[in-house]
Amino acid sequence: MANLLEITNLHANVDGKPVLKGLNLKVEPGSVHAIMGPNGAGKSTLSKVIAGHPAYEVTEGSMKFEVNFKMKDLLEMEPDERARDGVFMAFQYPVEVPGVSNETFLRTSFNSISKAQGAEEMNEEQFRKFLQKKMELVSMDPKFLDRAVNTGFSGGEKKRNEILQMAVLSPRLAILDETDSGLDIDALRIVADGVNKLKSPDNAVVLITHYQRLLDYIVPDFVHVLADGKIIETGDKSLALKLEEKGYDWLLQ
Amino acid sequence: MSSDKLTTEGLTTQIDQGYKYGFVTEIETEQVPRGLNEDIIRLISSKKNEPEWMLEYRLKAYRHWLTMTEPTWANVSYPKIDFNDIVYYSAPKKQSEKKSLDEIDPELLKTFERLGIPLGEQKRISGVAMDVVFDSVSIGTTHQKDLEKVGVIFCSISEAVHKHPELVRKYLSSVVPVSDNYYAALNAAVFTDGSFVYVPKGVRCPIDLSTYFRINASETGQFERTLIVADEGSFVNYLEGCTAPQRDENQLHAAVVELIALDDAEIKYSTVQNWYTGDKEGRGGIYNFVTKRGTCKGARSKISWTQVESGSAITWKYPSCILLGEGSQGAFYSVALTHDKMQADTGTKMIHIGKNTRSTIISKGISTGESRNTYRGQVKVMPSAVGARNYSQCDSMLVGDKSNATTVPYIEVKNDTAVLEHEATTSRISEDQLFYLKSRGLDTESSISMLVNGFCKDVFKQLPLEFSVEAVKLIEMKLENSVG
């Protein structure tokens, strides 16, 4: 089967310093990948480069994404263009947008993506109904819809809001950047449930995480170890258990 | 990676040349000779067929003005204005005699239609009565008959001088004295038109009242005078809009607006100011030097000023409230957007005199391009103002790295029981905020407009609905090309 995402020999700098140093990754539709690794290995950089953050400079390599059976060059695309083609990143630190209600934000986002994909835009009433169902997925209180985006949200609320956005936008490729960090066990379960319900044979999920415990709830098909800007080991879910037991040192030697 | 569009450096300067109100109406006008002296003032007064007391008022103001000097304390700079190089009166020729709206020059009707203000009987905006001022004269007021039925007077100030001299004499300059400041004195000497409103006791004005100011002629100044009196227990919602053609020279608009609220009366005054701003290099544009002040004269009276300042080359404007009546309330809600080389020095004064008076100030400044945007505000609590309260919030947002925002709060408290709160913030649209919105499928323009609208929300929600929709559109349009 054709890949959804193909990253080849990716090199990227942050503030002029090389962080990714020849990374390769292939993601097929319907698969769940976990990327683990020690601090500073480049995990968050990878997710930001995929989403297109302007502060991360790609110096070498390629990143292709399948759209309508053609591989498009993500590096040539703005973050909004990537989003409209179905790339989604759940932020590690979701950004506050004061004065803009969560509902307006979600509707604007949904409609701009729908429009680009040639789907019907929804009016306020239709969208509210649609949204209600999605809110149930992540057990979110309706009062969050009137509040300004992420403003004054607790860490856990922000993370749940990211998963709500993912549920609303149904991306083809979702990258969850340490969505589990800072969550208590109940919130973790809710977030994981949300992700599991959204899985389909057509989309793929990339989980970036420090902890094996997330993988108890979202079972990965592949586990990759990212160290010093490269993927140095790939295995199945048992690799995560091994890492938890033994740490990373045995791989780094 | 083509990420230039997202960096904050790329966020600057290329603002909107599409000022769609910049056209000129070709119409025959009657003007007085260029320059300012007592003869010119007599000529203006005679053209308006004014009573003797009005002429005396003007001459007194003029003589006082001659003794004054231009204020220089505002954070704005411009070449010295030659007050003898301005035409102080310009009126469409055919209009000078006509009184009925049905007889208006079709050219003028077309002009206002193009500005989105249909005046013809069939097309008028329902629910809003309009007075339209073209250069130096009011060319007509709609819905006058409906308003008369409930006793509301809404007409041009020139008409009021003739028809309601007792009200005009009682209240004119009662809030802004002739000698108040340089531009107020100049205005008193040469003002040509503006609106007059009187809402009688206990009447809630059934529709919104609105004045639209249009500058058309070149090299003329517009000196507008507006006076609104809300008698005991009355209520009025008043809206003001303004535009001017795109010209290379600067033009002066020096207005005075006075509001008076008696016991339990309420006046809501909203402005969307969209005078021509000048071009990218700072050529042309309106100098908007305006004195707006209201007196909450009666107990429990309320005055609120809401303004969206998005035009003019230079703005110098401080809509203020004198809180005289016990338990009276004043409010100032402002969004000031500056771009290219615009300069705005705007804010408010809240003077607490009566017991238990309250005031609220919410100011949002957005500076883009190489513009300068200053909030200047004063809260003064007099010894008599027992239990006075003020809440001030002044936020500035910078877009790009060449714009400038300044906040200058003056606080003077002479009563220990007063409670004042002041908050101020300055922020920049961050790369992270933009990236967040873009990664949710919004393009750069929509992202910025969403951030700016969120920033201004507390002010926009104070505007009447249609005005608020217009304000949002206006700000979006102005920001549209501000991103590279």
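The values are calculated or read from the model by the stated rules, or taken from the named source; none is laboratory data. On a predicted model such as this, the values are computed, not experimentally measured, just so you know. So basically every Cβ, Gly included, is an ideal-geometry build from the backbone, and we count neighbours across all protein chains shown. Just the protein is used for accessible areas: all its heavy atoms, side chains included, with ligands, DNA and RNA removed. Shrake-Rupley method; radii C 1.70, N 1.55, O 1.52, S 1.80 Å.
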**Message:** Less than 12 Å Cβ to Cβ from B:T306, Lys/Arg counted +1 and Asp/Glu -1: what total charge do the surrounding residues give?
**Reply:** +1
**Asked** If you count the DSSP beta bridges with both ends in segment B:4-480, what percent of them are antiparallel, to the nearest 5?
**Response** 10
**Prompt:** Residues of segment B:446-473 losing 50 Å² or more of accessible area relative to the isolated chain, 1.4 Å probe, heavy atoms only?
**Reply:** B:M450
**Item:** Across A:K197/B:K438; B:K48/B:K478; A:K197/B:K457, pairs whose alpha-carbon gap is larger than 30 Å
**Value:** B:K48/B:K478; A:K197/B:K457
**Complete:** D (µm²/s, integer) via Stokes-Einstein for segment A:172-242, Kirkwood Rh across alpha-carbon pairs, 10 °C, 1.306 mPa s: value 123
**Prompt:** Which order, highest average first, do B:417-429, A:176-188 follow once you tally other Cβ atoms within 10 Å for each residue and take the mean per peptide?
**Reply:** A:176-188, B:417-429
**Förster-model FRET efficiency, 25 Å R0, B:V386 and B:S174, C-beta, rounded to 0.05** = 0.50
**Request:** Over segment B:4-480, with every protein chain in place, what whole percent of the accessible area is carbon and sulfur at 1.4 Å, could you tell me?
**Result:** 47
**Fill in**
Here the net charge surrounding B:T226, from other residues whose Cβ is less than 12 Å away from its Cβ (Lys, Arg +1; Asp, Glu -1), is -2
**Item:** Cβ-based charge dipole, the protein assembly as shown, positive-most Cα from B:I117, A:L215, A:V149
**Value:** B:I117
**Asked** Distances over 29 Å make up what percent of all Cα-Cα pairs in segment B:4-480?
**Response** 47
**Message:** If amide hydrogens are placed 1.01 Å from N in the peptide plane, which non-local residues have theirs closer than 5 Å to the one on B:S301?
**Reply:** B:D264, B:A265, B:S328, B:Q329
**Item:** Counting all C-alpha pairs of the protein assembly as shown, share separated by more than 50 Å (%)
**Value:** 28
**Message:** Using amide H atoms built in the peptide plane, which far-off residues or other-chain residues are under 5 Å from A:I35 H to H?
**Reply:** A:L207, A:I208, A:T209, A:H224
**Item:** Test item: Cα-centred dipole of the protein assembly as shown, Lys/Arg +1 and Asp/Glu -1 on Cβ, debye
**Value:** 1200
**Prompt:** Taking a probe of 1.4 Å, how large is the accessible area per residue of chain B, in Å²?
**Reply:** 37
**Complete:** When B and A pair up, the total accessible heavy-atom area removed from solvent (1.4 Å probe), in Å² to nearest 100, is 2500
**Request:** Quick one: P(r) of chain A from all Cα-Cα pairs, 5 Å bins, percents rounded to integers, in order of increasing distance.
**Result:** 1, 6, 13, 18, 20, 17, 13, 8, 3, 1, 0, 0
**Item:** Dipole moment magnitude, nearest 20 debye, segment B:35-96 about Cα centre, only Lys, Arg, Asp, Glu C-beta charged
**Value:** 260
**Item:** Peptide B:200-207, shielding by other chains (average Cβ, 10 Å cutoff)
**Value:** 0
**Prompt:** Within 10 Å of each Cβ of A:49-61, how many other protein chain Cβ atoms are there on average?
**Reply:** 4
**Asked** How large, in percent, is the carbon and sulfur part of the accessible surface of segment A:5-252 at a probe radius of 1.4 Å?
**Response** 47
**Request:** Over segment A:156-251, give the accessible area per residue in Å² for a 1.4 Å probe, as an integer.
**Result:** 41
**Item:** At R0 = 30 Å, FRET efficiency that the Cβ-Cβ distance of B:T426 and B:E113 yields, to 0.05
**Value:** 0.10
**Message:** For the protein assembly as shown, give me the percentage of DSSP beta bridges that are antiparallel, rounded to the nearest 5 percent.
**Reply:** 20
**Item:** Protection-proxy order for peptides B:271-277, A:143-149, B:242-248, each taking the mean of Cβ atoms within 10 Å per residue, highest first
**Value:** B:271-277, B:242-248, A:143-149
**Label-to-label distance, nm, for residues given as B:E476 and A:V219 (7 Å Cα→Cβ offset)** = 4.8
**Message:** List, by residue number, every residue in segment B:423-440 with a reduction of 10 Å² or greater in accessible area between the chain on its own and the complete protein assembly, 1.4 Å probe.
**Reply:** B:E431, B:D432, B:Q433, B:F435, B:Y436, B:L437, B:K438, B:S439, B:R440
**Message:** Quick one: 3J(HN,Hα) in Hz for segment A:59-72, Karplus 6.51/-1.76/1.60 with θ = phi - 60°, rounded, Gly and Pro as x.
**Reply:** 9, 7, x, 9, 9, 10, 9, 7, 10, 6, 6, 10, 8, 9
